[in-house]
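Worksheet: one structure, shown below.
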C-alpha cells in the first residue's frame, strides 16, 4: 500500500465524501428538499417517499458501478453512499411525518 492510501491518509476521506455527496445529489434530483416536502406534505405525502426511494435506487445502481470499477476504494465508496442514503431517507421521512402532523400553509397551489 502506498503511503497516500488507507484510512487517515487522504484518499479514503475524499472517496467517502464524494460518494456521500453523490448519493445526496441523486436523491435531490429525484425529489425537492426536506423543507419543501415538509411544508407541502399535505399535497406531496402520497408520492414523496416513492420518489425518495427511486432516487436511492438510482444512486445505489450508480454506486454499484463505481464499486465494480474501483476496487481500491470500494469500502469508502460504499460507506459514504450508505451513510448519505440513510441520512437522506430519514430526513424525508421526518419531513413527511412532521408536515402531516403540523400542517401549516403550503407554498404550492394546485
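Data table
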| item | result |
| --- | --- |
| Cβ-based exposure ranking for 33, 11, in which fewest neighbours within 10 Å come first | 33, 11 |
| Residues 108, 91, sorted so that the one with the fewest Cβ neighbours within 10 Å comes first | 108, 91 |
| Percent RCO, i.e. relative contact order, over the chain, from Cα pairs under 8 Å lying at least 6 residues apart | 41 |
| MRE, 222 nm, helices only [DSSP H, n ≥ 4, -39500 (n - 2.57), over the chain, to nearest 500] | -26500 deg cm²/dmol |
| Per-selection Rg to Rh, the chain - Cα, Kirkwood hydrodynamic radius | 1.13 |
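Readers should treat all values here as calculations from the given coordinates under stated rules, not as data from a laboratory. Worth saying up front: this structure is predicted, and the values here are computed from it rather than measured. Neighbour counts are summed over all protein chains in view; Cβ atoms, including those assigned to glycine, are modelled from backbone coordinates with ideal geometry.
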